[in-house]
Amino acid sequence: MTASSAPRATTASTHAPKASSTCFAATPNIRASWSTKARRPRRRPPCPFRRVARSPRASRPRRFGSQCRSDAEVRKPHPPAGTVGLLLSPRISARLRCVRPTEVPLAAAVLSCAGVAYRLHHHPPARTEAELHVTGLDIHSSAKTLAFHLDDGRIVLAAIPGPARLRYGNLARALGVSRSALRPATPEDLAALGMEPGGVSPICNDARVLRVLHHTLLDHRVLYCGSGSPEVTVEIAAADLAALSPAATLADLCSDTVKAGS
């Protein structure tokens, strides 16, 4: 029994150191390889929603806070001043964009340059004699102006009282021309003077214009005459109108003259 057990003890003693030496000798080498080996960065697959080709950052323009939106995004325009909180339909907004700003009438510009006092009256368009009542002004103190075109290219502005009618023969004699030489001015002729049909004014600074005034117009204290626009009437003193037109001709142009103060 003793002899058989001795080899077993010897075998156990010989195998124990080998197992222990192999285990402790391999452990430092494995740890050293982990600490010295650099890890490679993990590559991610390209995102299909991200731009692949981008320009260098130095060449890209810098964006500020108001420009951080996408270029493809439609930006809404800011509302005009005074309309904050006002919601308009697209159809009404399109109409408002087509409205042109109000221009200064020709008569107002001439009177302002001359330093003459005047007053503007805005009203619905009045292009004919039957529409004069829409102005709300005294028709007996108004000066109705008619425009004519002569053969030599000159324009004639004949001012008569509002309710009166013009005698073409009297106007032709005052100008020293024949009756057939008086032709109504075209819209193109009025546009060249800065006027519109229905807004003809006796106040004009064009040297080609001949002005003829009915003699009773200067008897009024104030006169309401055209401004160049059918929507605006100018109120001016009769004495100032005569001073602005020193070369104007005074004549009896009407068959039924309205007396001053009537």
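Residue by residue, here is whether (1) assigned to a helix (DSSP H, G or I); (2) at pLDDT below 90 holds:
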{"residue": "N205", "(1), (2)": "no, yes"}
{"residue": "T216", "(1), (2)": "yes, no"}
{"residue": "L223", "(1), (2)": "no, no"}
{"residue": "E235", "(1), (2)": "no, no"}
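Of the residues R154, R167, the single one that is under 15 Å from C254 (Cα atoms) and of a type in the set (K, R) is R167.
Inside segment 171-203, can you point out the residues that are of a type in the set (S, T, Y) and buried (at least 19 other Cβ atoms within 10 Å of the Cβ)? The one that is of a type in the set (S, T, Y) and buried (at least 19 other Cβ atoms within 10 Å of the Cβ): S201. If you go through segment 158-204 and pick out every residue that is among the acidic types (D, E) and over 19 Å from L137 (Cβ atoms), you end up with 2.
Among the residues of segment 242-254, is there at least one that is surrounded by 14 or more Cβ atoms within 10 Å (Cβ to Cβ), closer than 28 Å to P124 by Cβ, in contact (Cβ under 8 Å) with a residue 60 or more places away in the chain and within 42 Å of the chain's Cα centre (by Cα)? Yes; the residues of segment 242-254 include at least one that is surrounded by 14 or more Cβ atoms within 10 Å (Cβ to Cβ), closer than 28 Å to P124 by Cβ, in contact (Cβ under 8 Å) with a residue 60 or more places away in the chain and within 42 Å of the chain's Cα centre (by Cα).
Of all residues in segment 205-234, those that are under 21 Å from G136 (Cβ atoms) and of a type in the set (V, I, T) total 4. Return the residue satisfying two criteria in turn: it lies in segment 115-143 and is more than 30 Å from the chain's Cα centre (by Cα), assigned to a loop (DSSP other than H, G, I, E, B) and closer than 22 Å to A158 by Cβ, and of such residues it is modelled with the highest pLDDT. Top of the filtered list is V116.
The values are calculated or read from the model by the stated rules, or taken from the named source; none is laboratory data. What you see is a predicted model; the values in this text were computed from it and never measured. A quick note on method: Cβ atoms are made from the backbone with ideal geometry, for glycine too, and the neighbour counts reach across all protein chains shown.
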